[in-house]
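Since the structure comes first, as structure tokens, the remarks are kept for the end.
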Amino acid sequence: MRLALFDLDNTLLGGDSDHAWGDYLCERGILDGVAYKARNDEFYQDYLAGTLNLTDYLNFSLEILGRTEMAQLQTWHQEFMRDCVEPIILAKGEALLAEHRAAGDKILIITATNRFVTAPIAKRLGVETLLATECEMLDGRYTGRTTDVPCFKEGKVTRLQRWLQENNMTLQDSSFYSDSMNDLPLLEQVTRPVAVDPDPKLRAEAEKRGWEIISLR
């Protein structure tokens, strides 16, 4: 079976769901609209530059999950999906997913953004298999910490290799669609790397290596 791997943010979405979640919380007055937003924007710029300290970012972004009841988080997320995610779902991305489905390919979304934010998005896109940064849970609620290997840079390769082993699959006939130079470690592993509306560094790398470059915008 062929594998079709997709990054989520700025690939299937016309924006970054992780950053947008922080903006949503600030706009609703749940978090400090000045201090939190400024720090969130800083982390996002570090991500774009390839210099993100992931541990610092996860401690910062998941803290709200640890101090909020599950029912409240779910209510917020439903609003977030409606107001922030639906407008940035790319029609061409949905069409590409449909093409892979019609071809009988196994589709995975593999994203650095945490599972709390991304699981409902993957479900909305009709993708059953999601590899994401995991949020630790204890007694039915979030702790505000992560668990397992973060699904970021080389961590995406680690998490995918484990999934492949568990599912008795290989990357022998695989595609990976991504916008980000942060995903270079995984792009190098697949048989068909595809740069999607790539950042400048990934565009240069894709051109140098003769990789396919497409736009879903």
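The values are calculated or read from the model by the stated rules, or taken from the named source; none is laboratory data. What you are looking at is a predicted structure, and each value in this text was computed from that prediction instead of being measured. Positions of Cβ are generated from backbone atoms using ideal geometry, with glycine treated the same way; all protein chains shown enter the neighbour counts. Keep in mind that these areas ignore ligands, DNA and RNA; they rest on the heavy atoms of the full protein, side chains included. Shrake-Rupley method; radii C 1.70, N 1.55, O 1.52, S 1.80 Å.
Scaled against 2.2 N^0.38 Å for its residue count N, the alpha carbon radius of gyration of the chain is 0.99.
Could you work out the Kirkwood radius for segment 116-155, taking every pair of different alpha carbons, averaging 1/r and inverting it, reported in Å? Present the calculation step by step, with values, prior to reporting the outcome.
Working: mean 1/r = 0.0882 Å⁻¹.
Over segment 116-155, the inverse of the mean reciprocal pair distance is 11.3 Å.
Relative to the dominant Cα principal axis of the chain, helix 200-209 is inclined by about 20°. The ellipsoid that matches the Cα gyration tensor of segment 15-84 has semi-axes, each √(5λ) in whole angstrom, of 21, 13, 11, with the longest given first.
Looking at segment 66-217, the accessible area is 49 square angstrom per residue; that uses a 1.4 Å probe and ignores ligands, DNA and RNA. Taking the Cα atoms only, what angle lies between the long axis of helix 70-80 and the longest principal axis of the chain, rounded to 10 degrees? That works out to roughly 60 degrees.
Under unit Cβ charges (Lys, Arg +1; Asp, Glu -1), what dipole magnitude, rounded to 20 debye, does the chain have relative to its Cα centre?
Numbers: 24 positive and 35 negative charges, 90 e Å.
Here the chain has a charge dipole of around 440 debye.
Each Lys and Arg contributes +1 and each Asp and Glu -1, all at the Cβ; summed about the Cα centre of segment 125-217, the dipole is approximately 180 debye. Entry note, the chain: the mean residue ellipticity at 222 nm calculated from DSSP H runs of n ≥ 4, each adding -39500 (n - 2.57), is -14000 deg cm²/dmol after division by the residues and rounding to the nearest 500. Per atom type, the chain shows carbon and sulfur on 49% of its accessible surface, probed at 1.4 Å.
For segment 65-188, what percent of Cα pairs sit more than 26 Å apart? If you can, show how the numbers build up before the last one.
Details: 2009 of 7626 pairs.
Roughly 26 percent, rounded to a whole number.
Sorted largest first by accessible area at a 1.4 angstrom probe radius, with every protein chain in place, the residues V34, V196 fall in the order V34, V196.
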